[in-house]
Every structure is written in structure tokens, then in C-alpha cells.
Amino acid sequence: MYQDTSEMKSKMDKNKFETSISELKTKSFVTAADMLNYDEGDVTEEYQTAYKRSLEDPEGFWGEVGKELEWTRPWDKVLDNSNPPFTKWWVGGELSVCYNAVDRHVAAGRGDQIALIYDSPLTDTVKRITYSEVQDQVSRLAGKLSELGVTRGSRVVIYMPLIPEAVIAMLATNRVGAIHSVVFGGFAARELRIRIEHAEPTVIIAASCGVEPNKIVRYKDILDEALCQSSHQPSNCIIYQRRRVLECPLQKDRDICWDAAMKSDPVPCVSTEANEALYVLYTSGTTADPKGVQRPCGHAATLCWSMHAVYGLKRGVWWAASDLGWVVGHSYICYGPLLAGLTSVLYEGKPDRTPDPGQYFRIIEQHRVNALFTIPTVFRVLKRTDPAGKYSRRYCSKSLKTIFVAGEHCDQETRHWAESIFAVPVLNHWWQTETGSPITAPCLGYGVKGVRPHSTGYPVPGYDVRALTENGSECHSGEVGRLVVKLPMPPGCASTLWRSDERFKKVYFSKFPGYYDTQDMGWISAEGAVWVVARTDDVINVAGHRLSTAAIEDVVLKHARVADAIVVGAPDPSKGDVPLCLYVMRPPQDDEEIVLESTVSQELIALVRHLIGPIAAFRKAVAVPAIPRNRSGKALRGAISKLAHSQLVKLPPTVEDPTVFVEIKMALQKLGYAIDAPDPEWS
């Protein structure tokens with residue numbers, strides 16, 4: 001706790017480098033003198049050579065990457081960019097993604113290796129499944145899909161929680177050459193119906209239920225409701241009964257029990273052309289106007305390569321702590337690790353409530369995890385519930401070598417805490433649903449061992465990242481602008497939006513012709529390191545000065561009594577918008593004195609003024625019980641800002657806990673905001 005300004009200044013002087021970064025991120029331009037503070041010594045010659053070749057000789061570079069997999073028909077040409085942005089890779093080449101992810105390893109004599117580890121403290125279950133067992137289950141389910149009329153190009157909607165059967169369903173769909181569309185289990189009947197109508201699946205595969213710490217989510221009931229309202233009806237539904245949790249009734253002549261389906265005769269893999277669709281993934285928040293990202297089958301080669309080139313793993317145990325309904329689950333729970341012949345961990349639980357904050361450490365020890373991929377929110381939760389890391393000391397985590405974070409901004413305080421508790425580097429990297437794999441990262445496979453503070457690393461080979469001004473001119477080194485990628489995009493990126501080519505071009509390529517618009521703001525150093533400041537919507541304009549909400553959040557989270565925080569733009573009659581901070585106080589530990597909320601708020605205002613300056617116009621901070629987030633961990637900044645502006649808030653179907661908005665509205669009204677705001681509604 002900072003007692004006065006002089007003590008605060010002394011403390012911050014020790015962190016001058018982190019301070020300079022926070023200050024730089026609030027500016028629109030970084031001077032050459034500022035850049036002298038940066039040490040770019042982590043770039044390796046191996047990385048520079050690979051990256052340069054990927055841009056100058058993409059056919060040669062990606063031709064070698066493609067050879068990591070087995071193809072049933074060789075490609076005619078590596079690259080066809082005759083119709084941008086609809087770039088094609090490995091044109092004419094045919095392969096089975098399922099064969100490369102499963103059968104290839106069995107054929108190589110590695111059938112007894114563990115492919116999947118399922119760990120569910122919610123159901124008190126730990127299950128290990130070998131590659132041979134995966135092959136048997138996938139081929140039998142694929143046999144049933146074939147019997148039901150699923151063929152090459154058919155769609156299969158999968159509505160299941162994070163259980164091994166969901167991975168089996170994805171692979172079985174691909175095995176017969178069909179296209180899967182996994183719907184996140186947090187979606188209700190309306191959102192599920194919209195996706196069913198848009199994808200028009202031949203078959204739907206679902207589970208009877210999902211399990212949360214304090215409730216059971218009845219998936220089958222939600223599916224039945226969605227189908228009652230849907231204009232499209234599948235020929236059949238295959239239902240996995242979670243008998244230890246909830247068994248549901250089946251509809252005669254439509255529903256088939258999973259156990260019965262698994263008695264079908266196994267079928268071999270069907271090959272597809274590299275540019276045919278592997279899956280369609282609808283972006284979160286999609287409702288009346290579905291936006292389905294279409295991924296090509298050639299994506300498999302990029303994923304296999306990325307496991308060693310980016311994440312540095314050629315063997316071992318990999319854990320992506322996400323859900324299969326998100327892009328991380330597709331890329332790095334299911335396909336990436338299996339294509340690379342690794343063991344993939346599926347964790348059905350929370351970081352702190354199933355049953356305690358020690359679960360991440362237990363899993364690392366019990367399953368000998370070598371690398372972890374998660375989101376910064378996980379560390380903020382653990383830091384809030386167990387700041388001293390007492391639970392971590394109960395377990396041995398020597399197997400763990402690296403942690404990767406993505407999905408949202410990771411402040412330095414949280415990263416430093418995580419590194420001290422887990423005793424491994426925490427590496428930030430940046431990617432999107434549309435790219436399917438990292439845009440920038442510390443490429444461990446090329447010897448890059450770390451990233452600069454706040455940086456997301458260097459462009460992954462194939463990504464020519466630029467920062468542009470609003471008029472399309474290229475930014476100077478260090479100048480904040482719109483982050484874009486020069487075409488052509490590397491293989492594995494979205495090939496289009498499902499049944500919406502024109503929308504694909506308009507959304508991602510119309511603003512800056514010749515470039516993919518990431519819709520993120522950031523800046524690039526002279527040596528090529530990338531700093532992602534915020535989503536475009538998260539930059540607020542204060543009296544003509546553009547400020548990043550993430551920069552202010554970094555400063556707020558330095559406070560010893562703040563566990564979580566969010567900064568949004570709030571209305572101001574003279575400045576247009578001003579930053580407004582909602583923060584969650586950390587409970588006092590042991591003999592710590594109780595500190596008043598008003599004291600913390602005043603200290604936060606002084607802290608931001610000291611580190612960023614009066615330009616931030618930061619004068620409003622209030623404590624709340626929790627920060628609203630969606631189920632992938634992203635803070636709902638837009639919803640809070642709309643509430644502060646007394647506008648109607650439409651809550652996304654993926655909101656983790658909608659009840660927090662009641663307390664947040666009351667907190668905002670204490671500060672004079674949201675006075676006339678209607679109560680939030682479901683979208």
C-alpha cells in the first residue's frame with residue numbers, strides 16, 4: 001500500500017522500464033530517444049532467416065511445412081494468389097486431417113501413446129485415451145455418420161462440453177470428409193438455432209448435459225428447444241449420455257444413443273483438397289446475422305508446424321486451458337497437439353472453484369504438463385484467491401517449461417506474479433479466431449526465448465505485420481496505428497465466411513486495400529516487435545488525445561489491494577470521454593489492515609496521474625464485486641461503457657455472470673453515471 005506520493009515515486013522508480021512502457025502506450029508516437037530504452041537482443045538469426053524466407057519465398061517455405069504431413073495426392077502448386085483475398089495454398093493437394101492426427105501415429109507404432117487426458121474434478125473423473133483407442137472410437141463414429149448420410153462436404157453441428165467425446169466427434173466428422181461446426185455449450189436455444197439454420201447440418205451430435213460448479217446445464221433440453229423453433233431439421237441427432245451426471249430421454253426415430261452409434265463398423269479416412277472447408281466456427285456474439293469463419297483443411301499443416309516452431313514442443317504433454325467451442329479449442333486442444341503427436345489435456349473445471357485454487361498445479365504435477373496455454377484472467381483469479389501461492393507449494397511443477405497467454409491484454413503485475421508462482425516464463429502472444437494460430441509470438445522453435453515487456457513478440461513467419469494510420473499511410477516506428485497484415489495471408493487463415501464471400505471482403509479487407517484489417521491498435525518497434533494496445537473500440541478519445549484503456553489498467557493493477565480491474569470511456573461534457581475504472585479489491589490476507597474503498601480509489605487516481613500524467617484525466621474509480629466477462633475470459637468493456645452512457649446494453653449469450661450488472665449499475669450511479677440507464681437485456 002502506498003502511504004504518500006513520495007513513497008509511491010520511490011517504488012515506481014524501481015520499475016522505470018515498466019513505467020516507460022505504460023507511458024509510451026498512451027502516446028500516438030514514440031520518439032527515437034524513447035526507443036533507446038528497448039533491448040531487442042532476443043531476436044535470433046535463425047528466426048530472422050526463417051521469417052525473411054517466408055515473405056520472400058513463400059512457396060519454398062510453406063512447401064517444406066506441408067511436408068510435415070502425409071498427403072494422398074501431392075499439390076500442383078503451393079500458392080495461388082490470383083484472386084485475393086481468397087488465397088489458396090497447396091492447391092490440388094489432398095489429405096485427411098483425421099489420418100494425420102490419429103492413424104498416422106498408430107501406423108508409426110505409437111498407438112499406445114496417450115493422446116488425450118481428460119481431467120474433470122466436476123465429475124471426479126480422470127481418463128487417459130491412447131492413439132489406438134482414439135482411432136477405434138473415431139472410425140466407428142465415422143461409420144455411423146456414413147450410415148446416416150453424412151458425406152464429403154456435409155455439415156455436422158457438435159454441441160458438447162469439454163469431454164473426449166467432443167474431440168472424437170470432430171475427428172469423426174473430418175474422417176468422412178464432412179465439415180463440423182462446434183457450438184459453445186454456453187449458448188442458449190436461440191443462438192444454437194441460428195447456427196443450425198445457417199450451417200444446415202445433416203446430423204447433430206450433442207451431450208445430455210454440461211457441468212458447472214453449481215449447476216447442470218441441460219444440453220439436450222436446449223437442443224430440443226432449438227430444433228422446435230428451427231426451420232432446418234437434421235436427419236438424426238447422436239446423443240452422448242453422461243450417465244454419472246444426467247441421462248435424458250431420446251426422441252424416437254430421430255435421436256440415436258452414442259453407445260449404439262459406437263457399435264458401427266469402422267470406416268477409413270476420406271481425403272479432401274487442401275482448400276476445402278475443415279470446419280465453420282461462428283464468432284462469439286453472433287446472433288441474427290451469423291458470421292461463420294471457414295477454415296481450410298490445409299490449416300492442419302500450419303498447426304502441426306506451429307507446435308514446434310512457435311511453442312517449442314516436439315514431444316510431451318500440452319495443455320490448452322480453453323473450450324472446444326472457441327478457436328483455441330479447435331487449434332490447440334484438438335488438432336494442433338494431435339497432428340504433432342503430443343498428449344493433449346482436456347480440463348473440465350475452473351481455476352479456483354473445483355474445488356480450490358490448487359487445481360492448475362495439481363494437473364501440471366499429475367499429468368506432467370510441459371507447456372500451458374491460458375488467458376491472463378486465470379492468473380488474476382488465482383492471485384485474488386491465493387496471492388501468496390500457498391496452494392502451489394503443495395505440488396511439484398518441475399515438468400512445466402513455459403506458459404503462453406493470449407486472448408486479452410496481460411498486465412505486467414499479473415505476469416510477474418504468475419512467473420514467480422509457476423517459476424517459468426509467461427510469454428504473451430497475439431492471434432485471432434480469423435487467423436487460427438498466432439500472428440505474433442516468441443517463436444521458441446527458432447530460438448526466440450522471450451518477449452519485451454507488454455509486447456506480443458515478433459511476427460510469426462508468413463505474417464507481414466504493419467501499423468497504418470487512418471488514411472492508410474504506414475506509421476513510423478513506435479507510432480500507434482491500426483495493425484494490419486499485408487496480403488497474401490499465410491496458410492491456415494480463414495478462407496472466407498461461410499456462404500458470405502462479399503461480407504468477408506467487406507469486413508476484413510475493404511478499409512485498407514491489400515491488407516487484412518485485424519481491427520486491433522498497436523505499434524511496431526524498429527526491430528519488428530509488436531505491441532498490441534487494444535481493440536479499436538478500446539481506445540478512448542479524451543479532449544483530442546487517444547488513450548488506451550489497457551495502459552491505464554496496467555497502472556491500476558500495480559496497486560497491492562487491486563485484484564482485477566477494467567477501464568472504459570465514460571461521458572464528460574467538456575472532454576467528450578474520460579476514463580472510468582471499475583476494480584475488484586483483494587480480500588485482506590492474514591494480519592493485513594482493512595483499507596477503505598475510498599482510500600484505494602484516491603490512491604489509484606494518484607498512481608495513474610504519476611505514471612501516465614494529467615493527460616489521462618483519470619478521476620473516477622469505484623470498487624465492484626466482480627468484473628463482467630464472457631466465458632472465454634474477455635472483459636465486457638463495451639457493455640460497461642454503454643451502461644455508463646445510459647444506453648441500452650444487450651448482454652451477449654456467453655456472459656459468465658449477468659447478475660454482476662446489478663451491482664455495477666449501482667456503483668456507476670454513485671459516480672453520476674447510468675442515471676437513466678435501462679436494465680441490461682439479453683441479446
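The values are calculated or read from the model by the stated rules, or taken from the named source; none is laboratory data. Since this is a predicted model, take the numbers as computed values, not measurements. As a convention, Cβ positions derive from the backbone with ideal geometry for all residues, glycine included, and neighbour counts pool all protein chains shown. Each accessible area value is taken on the protein alone, full model and side chains, heavy atoms only, with ligands, DNA and RNA left out. Shrake-Rupley method; radii C 1.70, N 1.55, O 1.52, S 1.80 Å.
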- Query: Within the range 471-479, can one find any residue that is open to solvent by less than 10 Å² (accessible area, probe 1.4 Å) and within 21 Å of the chain's Cα centre (by Cα)?
  - Reply: no
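Which ones in the range 112-170 are of a type in the set (Gly, Ala, Ser) and open to solvent by 20 Å² or more (accessible area, probe 1.4 Å)?
Result: 132, 146, 149, 153.
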- Item | Out of 433, 402, sole residue that is within 30 Å of residue 181 (Cα to Cα) and buried (at least 17 other Cβ atoms within 10 Å of the Cβ) | 433
- Scope the range 232-266; condition open to solvent by less than 40 Å² (accessible area, probe 1.4 Å) and of a type in the set (A, V, I, L, M, F, W, C); matching residues: 237, 238, 239, 246, 248, 256, 257, 258, 261, 262
- Task: State all residues of the range 108-137 that are hydrophobic (A, V, I, L, M, F, W, C) and part of a loop (DSSP other than H, G, I, E, B); if no residue qualifies, say none.
- Result: 108, 122
- Could you check how many residues of the range 91-103 are buried (at least 20 other Cβ atoms within 10 Å of the Cβ) and either at pLDDT below 95 or of a type in the set (D, E, K, R) (or both)? 1
- Note on the structure: Within the range 436-466, restricting to residues that are farther than 16 Å from residue 529 by Cβ and of a type outside the set (S, T, N, Q), the one that is most open to solvent (accessible area, probe 1.4 Å) is 445
- Message: Please count how many residues of the range 499-526 are among the small types (Gly, Ala, Ser) and open to solvent by 10 Å² or more (accessible area, probe 1.4 Å).
- Response: 4
- Task: Please indicate, with yes or no, whether at least one residue in the range 249-258 is more than 24 Å from residue 149 (Cβ to Cβ) and over 32 Å from the mean Cα position of the chain (by Cα).
- Result: yes
- Task: Go through the residues of the range 455-474 one by one and say whether even a single one is touching a Gly at 6+ places or on another chain (Cβ under 8 Å), of a type in the set (Val, Ile, Thr) and farther than 22 Å from residue 331 by Cβ.
- Result: yes
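To keep it simple, each residue is scored yes or no on (1) in contact (Cβ under 8 Å) with a residue 40 or more places away in the chain; (2) open to solvent by less than 40 Å² (accessible area, probe 1.4 Å); (3) in contact with an Asp or Glu (Cβ under 6 Å, 6 or more places away or on another chain); (4) not in a loop (DSSP other than H, G, I, E, B).
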residue: 602; (1), (2), (3), (4): no, no, no, yes
residue: 607; (1), (2), (3), (4): yes, yes, no, yes
residue: 610; (1), (2), (3), (4): yes, no, no, yes
residue: 618; (1), (2), (3), (4): yes, yes, no, no
residue: 621; (1), (2), (3), (4): yes, yes, no, yes
residue: 626; (1), (2), (3), (4): yes, yes, no, no
residue: 639; (1), (2), (3), (4): yes, yes, no, yes
residue: 643; (1), (2), (3), (4): no, yes, no, yes
residue: 648; (1), (2), (3), (4): no, no, no, no
- Tally time: how many residues in the range 400-457 are of a type in the set (Asp, Glu) and either in contact with a strand residue (DSSP E or B) (Cβ under 8 Å, 6 or more places away or on another chain) or farther than 25 Å from residue 521 by Cβ (or both)? 3
- Task: Working only within the range 340-399, note down all residues that are over 17 Å from residue 318 (Cβ atoms), open to solvent by 10 Å² or more (accessible area, probe 1.4 Å) and aliphatic (A, V, I, L, M).
- Result: 381, 388
